[in-house]
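Okay, structure first, notes after.
The values are calculated or read from the model by the stated rules, or taken from the named source; none is laboratory data. The model shown is predicted, which means the values in this text are computed figures rather than measured ones. Here the Cβ is made from the backbone with ideal geometry for all residues, glycine too, and neighbour counts use every protein chain on show.
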Ligand code: MN
Ligand code: MN
């Protein structure tokens, strides 16, 4: 779905920079700014934004109808494979604006070959500014419309957890539980997961980079679910760990440490704090309990239209957290050969603190 705020913000930036246009060709950036997501592979897909006049999308002819179907309210121009796309882009730019000398481009995306072809089409073009970081900065702060989509994705993830818990049964494999969970979600109309659903039982969960496999569930195992859904181009990412049929004191003790780390961080997070300080709050809880060496990853990462955006909630990161930033809070303890426990919510930061996208209880559940 198209959100005009994002284009307007870019237009404001172009005005400030004194640039005549932004030429954007990273399809992730185009998806963020237009609502149209498609990897053009070797073809040319670009978005041209002017500070004053309306933007346009330039796309392979076979994509033009798909662009219109997203509700994009401005022009979309197509090209056939036999045509020179850069000549056409040059013509459309000159027809759109009297000013087309100073360009902002994505310097780490635009290839030298493409830049030279554009220069041939418009010899006056100067590639003056880099727009990549500007778009990345814009993506850090979510708009109300984006936040609403993330809440919807979170609600779908909450349903997914319940489907997953309901699917647990003795001797059932991780893959079979994952298949049941996704079957129910798709039947509900949730078309896509935002990453491969992770279901891990018992000691297999001690590998936070493992994958869902053939491990069979036994009574007394912990079962870890890390999953995310896509809703209208925005994603969720959350983790719950539950006990199957019974729980030992050892499992419960470690679970409570992870839970305390997660809750303490999620309660403490406030605008003005740095990402490093937030990581430290959770890490201190786990370290004081004696498990610091088993918390082997950062506390969290940015999230939005993709599962890993540029925010790193990691030790010593000086990034100042601001309202509108969305990120995960996901401490874990992984003891090789024994168990793995992670609890994760993705949240958006408000003036008051964390607003979580998922609401499935984090208290230890014993599933029968
Ligand atoms: Mn996750
Ligand atoms: Mn995550």
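List of remarks:
- Being modelled with pLDDT of 95 or more, assigned by TED's automatic domain parsing to the domain that holds residue 346 and within 24 Å of residue 200 (Cα to Cα) is not true of residue 322.
- So residue 366, is it touching a strand residue (DSSP E or B) at 6+ places or on another chain (Cβ under 6 Å) and more than 16 Å from ligand 2 (Cβ to nearest atom): yes
- The single condition from (1) more than 22 Å from residue 195 (Cβ to Cβ); (2) touching a helix residue (DSSP H, G or I) at 6+ places or on another chain (Cβ under 9 Å) that residue 332 fails is (1).
- All helices (runs of 4 or more DSSP H) inside the range 48-157 with 2 or more residues being more than 29 Å from the chain's Cα centre (by Cα) and more than 30 Å from residue 187 (Cβ to Cβ): 85-96, 112-121
- Qualifying residues in the range 236-255 (those that are within 23 Å of the chain's Cα centre (by Cα) and more than 15 Å from residue 363 (Cα to Cα)) - the one surrounded by the most Cβ atoms within 10 Å (Cβ to Cβ): 236
- Qualifying positions in the range 221-245 - assigned to a loop (DSSP other than H, G, I, E, B) and away from ligand 2 (no atom under 14 Å from the Cβ): 221, 232, 233, 245
- Residues being free of Cβ contacts under 8 Å to residues at least 24 places away in the same chain and away from ligand 2 (no atom under 16 Å from the Cβ) - total across the range 185-220: 3
- Verdict on residue 351 being surrounded by fewer than 24 Cβ atoms within 10 Å (Cβ to Cβ), more than 15 Å from ligand 2 (Cβ to nearest atom), touching a residue at least 24 places away in the same chain (Cβ under 8 Å) and closer than 18 Å to residue 141 by Cβ: yes
- Residues located in the range 158-206, provided they are out of contact with any strand residue (DSSP E or B) (no Cβ under 6 Å at 6 or more places or on another chain), part of a loop (DSSP other than H, G, I, E, B) and at pLDDT 95 or above: 169, 170, 172, 189, 195, 196
- Residues of the range 301-338 that are assigned to a loop (DSSP other than H, G, I, E, B), under 19 Å from residue 241 (Cβ atoms) and more than 16 Å from ligand 2 (Cβ to nearest atom): 336, 337, 338.
- Among the conditions (1) outside any helix (DSSP H, G or I); (2) crowded, with 22+ Cβ neighbours inside 10 Å, the only one that residue 258 does not satisfy is (1).
- Members of the range 344-359 found to be in contact with a strand residue (DSSP E or B) (Cβ under 6 Å, 6 or more places away or on another chain) and assigned to a loop (DSSP other than H, G, I, E, B), listed by number: 357, 358
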